[in-house]
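Asker: Below you will find the structure I want to go over with you.
The values are calculated or read from the model by the stated rules, or taken from the named source; none is laboratory data. These numbers come from a predicted model, not from an experiment. Here the Cβ positions follow ideal geometry from the backbone for every residue, glycine too, while neighbour counts run over all protein chains shown.
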Protein chains: 2
Amino acid sequence: MGGDGDRDERNSRAPLSRERILDAAIAFVDAKGLTALTMRRLGTELGVEAMSLYRYVGGRDDLLEGMVDEMVDRLHLDPDGVRPGPGEGWQAYLQWLAHGVRGLAREHPQVFPLIATRHPAAPWLRPPLRSLRVVEDFLSTLVDRGFTDERAVAAYRAFSSFLLGHLLLEAAVLGSRTAPAVELTDVARSMPTTSSSVDVRDYPLLRRLEDRLSEDHASAEFERALEDLLDRMERELADDLPG
Amino acid sequence: MGGDGDRDERNSRAPLSRERILDAAIAFVDAKGLTALTMRRLGTELGVEAMSLYRYVGGRDDLLEGMVDEMVDRLHLDPDGVRPGPGEGWQAYLQWLAHGVRGLAREHPQVFPLIATRHPAAPWLRPPLRSLRVVEDFLSTLVDRGFTDERAVAAYRAFSSFLLGHLLLEAAVLGSRTAPAVELTDVARSMPTTSSSVDVRDYPLLRRLEDRLSEDHASAEFERALEDLLDRMERELADDLPG
DNA sequence: ACCTGAACACCGTTCAAGT
DNA sequence: ACCTGAACACCGTTCAAGT
């Protein structure tokens, strides 16, 4: 591969395709933030007029949907560490999946809110585990390893809530570092924002704890809470058997 | 002015104010959804030109910020049930707060994602407990009741993640019922959405569990997980003392 | 002091037209 | 078959002007 000789402006080479567009969109959001993503800007990024994109994506909404789908689909390929085989127990599987999703959130903190916030295709799909394939895999893995239908569904619910709560917060912190986020235009700051002052001085405990609140324990917190969740599931599962 | 004295079109009466604008915006989003909220449309809703709003809100971003602040501020007034007094223990306080936040999410499911998703004023503020006043109250309540600084901060983190994970998912379900959500324009549905089919037939376990997955146990789940969280905190707190 | 009209730059999207 | 130009309806926002 390497020097193939056709140059061009920036990213224009292949004849444009849905996949190329989605990848470009994800990269764009990683770099510039979600609010900066515009059909027209994405077009120029790809060396093409915005209108050309409509042959592949149907519209801005479909574009966002496609980005989410592509990221979620990567779960079955990407997660660092090898996927646990059938002999390894559901704890290993949930650990693997949890770290896979966390990897997505950390690699694409600006895209993750999209995964977390957009309405899934079916009402019973819960972000961030919001693709039929992933959920089928989740449920069948647990059922194969001894979960009743009921426990498997309850596990899906608890696991989704856990991932969403922890990773959305972690992504928010990472994302606000990466991007302009609020891009205050200097002037806009002067408006009557009511109590525009983010002034910790009026709050004695916040002042005392500010440093501690600012410490980053994201990884430790995540592992800890994940362990607790798995323990809780184990206990509930054990309740079923002796019945 | 012929015939009617002082009544007018729709909502125009008071001379416009930040509070009136924010309330109108919240009501608008409750009714029409977040994507429908536009400076121009909000203006006409208030019987005024869009440009008049800029005297009170600084811009669309400040408007959204203001809506979030106002909702979060209601926590100290609204929550059903009376706020536990100093004699009642931190468990009662956290129960009260949890149900207060849940009330917000359920009353305004379309606004809640805003609370959950927008970057807070300080990086260590975690949605949905994202106001200085609320966090000061949270921390001081716990410290007054025997938490060390460290435990109080850890509790704040765990509590935020818990609320965010559970309530964002609950609000998403409620919100998608209330609003057009994706408003597919019939035609847009025909585009090459890759696997546009939300077809459960290919997934045997999903087909078997679909009914069970669709059951609504939001309240029971929430109470259960809240109890578990409080239990966990109690255990950790107990670890501090005998040491 | 409070609101409006007109204007600017930028959007998403459609559609007939180019190659 | 694939992309473009021009156009439409709608945005957020500014600013001089009205009352």
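Asker: Test B:Glu65 against the stated conditions and say whether it is more than 14 Å from chain A (Cβ to nearest Cβ) and farther than 15 Å from B:Leu164 by Cβ.
Answerer: Numbers: more than 14 Å from chain A (Cβ to nearest Cβ): no; farther than 15 Å from B:Leu164 by Cβ: yes.
Against the criterion (more than 14 Å from chain A (Cβ to nearest Cβ) and farther than 15 Å from B:Leu164 by Cβ), B:Glu65 does not qualify.
Asker: From B:Gly100, B:Gly89, grab the single residue that is within 18 Å of B:Leu229 (Cα to Cα) and surrounded by fewer than 15 Cβ atoms within 10 Å (Cβ to Cβ).
Answerer: So the residue among B:Gly100, B:Gly89 that is within 18 Å of B:Leu229 (Cα to Cα) and surrounded by fewer than 15 Cβ atoms within 10 Å (Cβ to Cβ) is B:Gly89.
Here's the yes/no breakdown for (1) more than 10 Å from DNA strand C (Cβ to nearest atom); (2) over 30 Å from A:Glu234 (Cα atoms):
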{"residue": "A:Lys32", "(1), (2)": "yes, yes"}
{"residue": "A:Leu42", "(1), (2)": "no, yes"}
{"residue": "A:Ala50", "(1), (2)": "no, yes"}
{"residue": "A:Gly59", "(1), (2)": "no, yes"}
{"residue": "A:Asp62", "(1), (2)": "no, yes"}
{"residue": "A:Met67", "(1), (2)": "yes, yes"}
{"residue": "A:Pro84", "(1), (2)": "yes, no"}
{"residue": "A:Gly89", "(1), (2)": "yes, no"}
{"residue": "A:Tyr93", "(1), (2)": "yes, no"}
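Asker: Turning to a different aspect of this structure: Restricting to segment A:12-34, name every residue that is within 14 Å of DNA strand D (Cβ to nearest atom), within 16 Å of A:Val68 (Cα to Cα) and within 14 Å of another protein chain (Cβ to nearest Cβ).
Answerer: If the condition is that a residue be within 14 Å of DNA strand D (Cβ to nearest atom), within 16 Å of A:Val68 (Cα to Cα) and within 14 Å of another protein chain (Cβ to nearest Cβ), then A:Arg18, A:Glu19, A:Arg20, A:Ile21 are the ones that fit.
Asker: Separate question: Which condition number in (1) closer than 25 Å to B:Arg201 by Cβ; (2) more than 19 Å from the chain's Cα centre (by Cα); (3) surrounded by fewer than 18 Cβ atoms within 10 Å (Cβ to Cβ) is the one that A:Arg133 fails?
Answerer: It is condition (2) that A:Arg133 fails.
Asker: Next up: Under 6 Å between Cβ atoms, which residue pairs at least 6 apart in sequence (or on different chains) link something in segment B:28-44 that is over 15 Å from B:Ser176 (Cα atoms) with a partner that is within 14 Å of DNA strand C (Cβ to nearest atom) and not in a helix (DSSP H, G or I)?
Answerer: From residues that are over 15 Å from B:Ser176 (Cα atoms), the pairs are B:Gly43/B:Glu49.
Asker: Right, something else. Let me confirm something: among A:Leu205, A:Leu213, A:Leu209, which residue is at pLDDT 80 or above, in contact with a Ser or Thr (Cβ under 6 Å, 6 or more places away or on another chain) and either more than 16 Å from DNA strand D (Cβ to nearest atom) or not basic (Lys, Arg) (or both)? Steps first, please.
Answerer: Working: A:Leu213 fails: in contact with a Ser or Thr (Cβ under 6 Å, 6 or more places away or on another chain); A:Leu209 fails: in contact with a Ser or Thr (Cβ under 6 Å, 6 or more places away or on another chain).
Going through A:Leu205, A:Leu213, A:Leu209 in turn, just one is at pLDDT 80 or above, in contact with a Ser or Thr (Cβ under 6 Å, 6 or more places away or on another chain) and either more than 16 Å from DNA strand D (Cβ to nearest atom) or not basic (Lys, Arg) (or both): A:Leu205.
Asker: Looking at segment B:120-134, can you tell me whether even one residue there is on the phi > 0 side of the Ramachandran plot, in contact with a His (Cβ under 8 Å, 6 or more places away or on another chain) and modelled with pLDDT under 95?
Answerer: no
Asker: Need a quick list: helices (runs of 4 or more DSSP H) entirely within segment B:37-83 having at least 3 residues that are within 16 Å of the chain's Cα centre (by Cα) and crowded, with 16+ Cβ neighbours inside 10 Å. Steps first, answer last, please.
Answerer: Values: elements: B:39-45, B:54-57, B:60-73.
Per the criteria, B:60-73.
Asker: Identify, please: which residue in segment A:211-231 is without any contact (Cβ under 8 Å) to a residue 40 or more places away in the chain and facing chain B (nearest Cβ under 7 Å) and is, among those, farthest from B:Thr141 (Cα to Cα)?
Answerer: Keep residues of segment A:211-231 that are without any contact (Cβ under 8 Å) to a residue 40 or more places away in the chain, which gives A:211-215, A:217, A:219-220, A:223-224, A:227-228, A:231.
Among the residues that remain, those that are also facing chain B (nearest Cβ under 7 Å) are: A:212-214, A:228.
Details: A:Arg212: 17, A:Leu213: 16, A:Ser214: 20, A:Asp228: 25 Å.
Checking each candidate, the answer is A:Asp228.
Asker: Might you check whether a residue that is modelled with pLDDT of 95 or more and under 30 Å from A:Ser140 (Cβ atoms) occurs anywhere in segment A:29-49?
Answerer: No, that holds for no residue.
Asker: A follow-up question, please. Return yes when A:Glu19 is within 15 Å of DNA strand C (Cβ to nearest atom) and either within 26 Å of A:Leu168 (Cα to Cα) or of a type outside the set (Phe, Trp, Tyr) (or both) and no when it is not.
Answerer: Criteria not met by A:Glu19.
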